[in-house]
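Structure first, commentary second.
The values are calculated or read from the model by the stated rules, or taken from the named source; none is laboratory data. Quantities reported herein were computed from a predicted structural model and do not represent experimental measurements. Ideal geometry is used to build each Cβ from the backbone, glycine not excepted, and the neighbour counts take in all protein chains shown. Note: accessible area is taken over every heavy atom of the protein model, side chains too, but ligands, DNA and RNA are not part of it. Shrake-Rupley method; radii C 1.70, N 1.55, O 1.52, S 1.80 Å.
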Amino acid sequence: MHSFVALCCEMRRPPSFFDSVFLRMCKFSLTPQAAPQVLAAAHNASAENMFLRVTGRRDECGAVIHGMGFDELRPGDLQMESQGVKVVITPAHAALLDGTVLDFVQLNTGGTRFVFVNPNDDGCATNLGGCGYCDVRCRPAISCH
């Protein structure tokens, strides 16, 4: 897998019947700001013909940790397209990623980064791109727990 963002460990379990039914309903999207950044990263990594694989897992505190990288299609993957980017999600991650939006934001400090906005996560990590800590410079309206 060609990665341009640190990948997290995948949850390993065989897909179930529930997964195959749920996969038809799973929604994941990119904003108009994120898509060109992903496509440029794919070009720079010579991965234009690959999919953007998105992963998610809960850490020991219950926050969702996201990962993404370029990868080949695997059996059982959920395939979708958003803003011209071909995305795949494994069945093990579909429920956790349902409704997630990948954005690309300008930070108050002047930098930029990808941010996952995930309705399945109550913690700071989701709204801050899986940072693993509450960085109020990214989203000042979010209070840290």
Legend entry - Total residues in the range 81-126, condition assigned to a strand (DSSP E or B), open to solvent by 20 Å² or more (accessible area, probe 1.4 Å), within 16 Å of H66 (Cβ to Cβ) and out of contact with any Phe, Trp or Tyr (no Cβ under 6 Å at 6 or more places or on another chain): 5
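Scan the range 1-56 residue by residue and report those that are in a helix (DSSP H, G or I), at pLDDT below 95 and out of contact with any Gly (no Cβ under 9 Å at 6 or more places or on another chain). First the steps, then the outcome.
We begin by selecting, within the range 1-56, every residue in a helix (DSSP H, G or I); these are 17-23, 34-44.
Then drop every residue that is not at pLDDT below 95, which leaves 17-23.
Matches in the range 1-56: F17, F18, V21, F22.
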Legend entry - Filtered residues of the range 66-80 (kept if buried (at least 16 other Cβ atoms within 10 Å of the Cβ) and touching a residue at least 60 places away in the same chain (Cβ under 8 Å)): H66, G67, M68, G69, F70, D71
Legend entry - Count of residues meeting criterion [open to solvent by less than 10 Å² (accessible area, probe 1.4 Å) and either aromatic (F, W, Y) or in contact (Cβ under 8 Å) with a residue 60 or more places away in the chain (or both)] in the range 39-65: 2
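Here is a yes/no grid of residues against (1) small (G, A, S); (2) under 13 Å from G56 (Cα atoms):
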| residue | (1), (2) |
| --- | --- |
| F70 | no, no |
| D77 | no, no |
| S82 | yes, no |
| T90 | no, yes |
| G99 | yes, yes |
Inset, instruction - State which residue pairs qualify: first residue farther than 21 Å from F28 by Cα and inside the range 102-124, second residue open to solvent by 30 Å² or more (accessible area, probe 1.4 Å) and outside any strand (DSSP E or B) in any location, beta carbons under 6 Å apart, and separation of 6 or more residues or different chains. - result: L107/R137; N108/R137; T109/R137
